[in-house]
1. What's the number of the only condition in (1) open to solvent by less than 100 Å² (accessible area, probe 1.4 Å); (2) without any contact (Cβ under 8 Å) to a residue 60 or more places away in the chain; (3) within 26 Å of the chain's Cα centre (by Cα) that residue 68 fails to meet?
2. Does residue 62 qualify as being open to solvent by 60 Å² or more (accessible area, probe 1.4 Å), at pLDDT 95 or above and either part of a helix (DSSP H, G or I) or not charged (D, E, K, R) (or both)?
3. Yes or no: the stretch 73-86 includes at least one residue that is at positive phi and either surrounded by 18 or more Cβ atoms within 10 Å (Cβ to Cβ) or touching a Gly at 6+ places or on another chain (Cβ under 8 Å) (or both).
4. Looking at the structure I just gave you, is residue 32 closer than 25 Å to residue 232 by Cβ and of a type outside the set (Ser, Thr, Tyr)?
5. Might you check whether a residue that is of a type in the set (Val, Ile, Thr), in contact with a Gly (Cβ under 6 Å, 6 or more places away or on another chain) and in a helix (DSSP H, G or I) occurs anywhere in the stretch 166-174?
6. Among the residues of the stretch 33-51, write down those that are in contact (Cβ under 8 Å) with a residue 12 or more places away in the chain, surrounded by fewer than 16 Cβ atoms within 10 Å (Cβ to Cβ) and either hydroxyl-bearing (Ser, Thr, Tyr) or assigned to a loop (DSSP other than H, G, I, E, B) (or both).
7. Out of the residues in the stretch 201-259 meeting the condition of being within 18 Å of the chain's Cα centre (by Cα) and among the hydroxyl-bearing types (Ser, Thr, Tyr), tell me which one is most open to solvent (accessible area, probe 1.4 Å).
8. Test residue 193 against the stated conditions and say whether it is in a helix (DSSP H, G or I), basic (Lys, Arg) and exposed (fewer than 14 other Cβ atoms within 10 Å of the Cβ).
Amino acid sequence: MFIYTKNTVRSFFNKLNGQFAIAIWDKTKQELFLARDRVGIRPLFHTTIGNTFVFASEIKSFLEFPGFHPKISEKTLSEYFTFWTSLSADTIFEGVSELPPGSYMTINAHSKSIKTYWKLPITKPNEYQFNTPKEAAEAFETIFTDAVKLRLRADVPVAAYLSGGLDSSITTAFIKKISPNNLRTFSIGFTEKDFDESSYQNIARDYFETQHSSVTCSPKDISDSFKNVVWHAEAPLLRTAPTPMSLLAKSVRDQNIKVVITGEGADELFGGYNIFKETKIKHFWAKDPAI
């Protein structure tokens with residue numbers, strides 16, 4: 001029996017390091033325990049169909065349940081077009097929600113509760129008491145090395161995406177430092193020269209001396225695959241960028257590679273894009289929207 005008092009829940013999650021979605025059924029108490037990793041990498045959706053609580057890692061799973069009739073939520077759709085995402089745990093489908101990141105749910109025949117076990121810590125300047133930038137850099141290197149080591153633990157070959165940008169190049173550098181053996185890397189190029197970064201990818205490939213494979217994507221490839229990507233995303237897509245990534249992932253899987261380390265989500269950490277400049281411009285515009 002899983003006893004989830006406040007202290008045991010905290011102790012339980014403190015032992016987990018990584019990405020996860022968990023479901024534990026307490027047969028004795030007739031109670032379900034659901035949990036999602038700290039930043040919501042693993043999806044976990046839930047809804048009520050008639051008198052039945054249903055959950056899954058994909059919304060399309062609900063289509064197999066009798067009585068489920070998907071309907072677009074106008075409220076959530078409006079939020080997507082305004083903010084690029086929903087403002088709550090609501091999904092694009094009415095009545096379907098996702099368990100928020102860093103949260104857990106307990107549900108039985110009489111009650112349902114959702115509680116947060118982790119939030120992104122907001123620190124004050126110099127809270128870590130680093131005396132010099134070098135000390136901060138060394139601390140970061142220790143933490144990041146540990147994170148990469150953790151993801152290299154696998155009973156199958158591990159590859160890496162290598163876009164030629166800062167983010168994937170940094171992760172690849174750490175992989176090579178930890179495991180200098182021959183590394184498989186993958187990238188995607190474009191027939192449209194304005195978007196193609198193959199030259200940077202080749203520089204990174206040669207520098208890291210990886211066994212590299214590349215996929216070339218055309219506008220027609222994106223057009224032909226976009227519908228399938230929306231099916232997998234289960235959410236409105238306001239740009240086509242996920243489509244080339246899907247084609248790249250398919251190419252990797254076709255070569256029997258099941259685990260890939262990527263630079264996705266590292267832009268805020270390494271400053272790979274001009275997002276900070278964009279924020280300053282947006283703040284400037286917000287002062288006088290009529291400009």
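The values are calculated or read from the model by the stated rules, or taken from the named source; none is laboratory data. In this text, all values refer to a predicted model and were calculated from it rather than measured experimentally. Every residue, glycine as well, gets a Cβ built from its backbone with ideal geometry; the counts of neighbours run over all protein chains shown. Ligands, DNA and RNA are stripped out before the accessible areas are found, and what is left, the full protein with its side chains, is counted by its heavy atoms. Shrake-Rupley method; radii C 1.70, N 1.55, O 1.52, S 1.80 Å.
1. Failing condition for residue 68: (3).
2. Taking the combined requirement at face value, the residue does not satisfy it.
3. no
4. no
5. Yes, the conditions are met somewhere in the stretch 166-174.
6. 39, 41, 43, 48, 50
7. Within the stretch 201-259, the match that is most open to solvent (accessible area, probe 1.4 Å) is 240.
8. In short, no.
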